Amino acid sequence: QVQLVESGGGLVQAGGSLRLSCAASGSIFSINTMGWYRQAPGNQRELVAAATSDGSTNYADSVKGRFTISRDNAKKIVYLQMDSLKPEDTAVYYCNAIIKAPGTLYGGNYWGKGTLVTVAS
């Protein structure tokens, strides 16, 4: 079994910062992409940022220049540093990873349970 556990959400004033963490554990042979999605009430889940195992990153236009994704591959952790937060960043943030278990050919798509980020105006 593979688990993704997020931490670091909370309430922050507009303009403030938060750092989210997501740790992967369980039966893991390799991890390809790790990333963060978010879902605000009434909206679809959307990609915020993603990072591949070779260091390539991708960001939603709405967070470019404000958010930074990083990975500690040895610890199997992905971080999302969120600066200059805006009320429209309020959402549940979900960790996502493509993880290959030992003895398998293809990776599976795994999700964390989510952590709530609330940005007050």
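Within the range 7-17, restricting attention to residues that are open to solvent by 30 Å² or more (accessible area, probe 1.4 Å) and in a strand (DSSP E or B), which residue is farthest from A51 (Cα to Cα)?
Q13
All but one of (1) in contact (Cβ under 8 Å) with a residue 24 or more places away in the chain; (2) exposed (fewer than 14 other Cβ atoms within 10 Å of the Cβ) hold for Y106; state the number of the condition that does not hold.
All conditions pass for Y106, except number (1).
Looking at (1) modelled with pLDDT under 95; (2) touching a helix residue (DSSP H, G or I) at 6+ places or on another chain (Cβ under 9 Å), which is the one condition that is false for F67?
(1) is the only condition that F67 fails.
Can you find, within the range 33-87, the residue that is most open to solvent (accessible area, probe 1.4 Å) among those that are among the basic types (K, R) and part of a strand (DSSP E or B)?
Once the filter is applied, the top-ranked residue is R71.
The values are calculated or read from the model by the stated rules, or taken from the named source; none is laboratory data. The structure presented is a predicted model; accordingly, all values stated were derived computationally and were not measured. Positions of Cβ are generated from backbone atoms using ideal geometry, with glycine treated the same way; all protein chains shown enter the neighbour counts. For the accessible areas, the whole protein counts, side chains as well, though only heavy atoms, and no ligand, DNA or RNA atoms are used. Shrake-Rupley method; radii C 1.70, N 1.55, O 1.52, S 1.80 Å.
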